[in-house]
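The values are calculated or read from the model by the stated rules, or taken from the named source; none is laboratory data. The structure displayed is predicted, hence computed values, not measured ones. So basically every Cβ, Gly included, is an ideal-geometry build from the backbone, and we count neighbours across all protein chains shown. Each accessible area value is taken on the protein alone, full model and side chains, heavy atoms only, with ligands, DNA and RNA left out. Shrake-Rupley method; radii C 1.70, N 1.55, O 1.52, S 1.80 Å.
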Amino acid sequence: MPFKKDDKKQKHSFSPGAHGTVYLLGAMYLVYLLVTFLQEAYKGGEDAPSLPLLIVGILVLGGGVVFLALMAWRMSRVQPEATEDEEAELPEQEADSEAPDGEESKNDEPDGEEEEADEEE
């Protein structure tokens, strides 16, 4: 067989920026189609679309523009996934930030509670 299946699943990195760019490109193309459609309707003549077709066209193309623009905006707000190297570093960073055993961290009790405990004694 010319194709071999690998036992390991291939990981493809998810790039929200690339997805957002594709959505934005699609939205711009739909804007172009909508403008062209409206120009033909404005010119009039035999080839002009009828009023119901014009309304449906505006709704469909305009709705597509809004949907793709929202998807592009959502993709721009997504954080990129961490790579394997970054994931390996995360546990080490967490271990460094923790206080050693037997010692209490100063952040465990708010300042106001410590003062109240001293006054009660």
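Residue-level analysis places L90 outside the set of residues that are part of a helix (DSSP H, G or I), modelled with pLDDT of 85 or more, open to solvent by 70 Å² or more (accessible area, probe 1.4 Å) and aliphatic (A, V, I, L, M).
Among the numbered conditions (1) open to solvent by 90 Å² or more (accessible area, probe 1.4 Å); (2) closer than 30 Å to R74 by Cβ; (3) among the aromatic types (F, W, Y); (4) at pLDDT below 85, tell me where F3 comes up short. So F3 meets the others, but not (2). Each residue in region 27-51 was checked for being open to solvent by 90 Å² or more (accessible area, probe 1.4 Å) and not polar (S, T, N, Q), and 8 pass.
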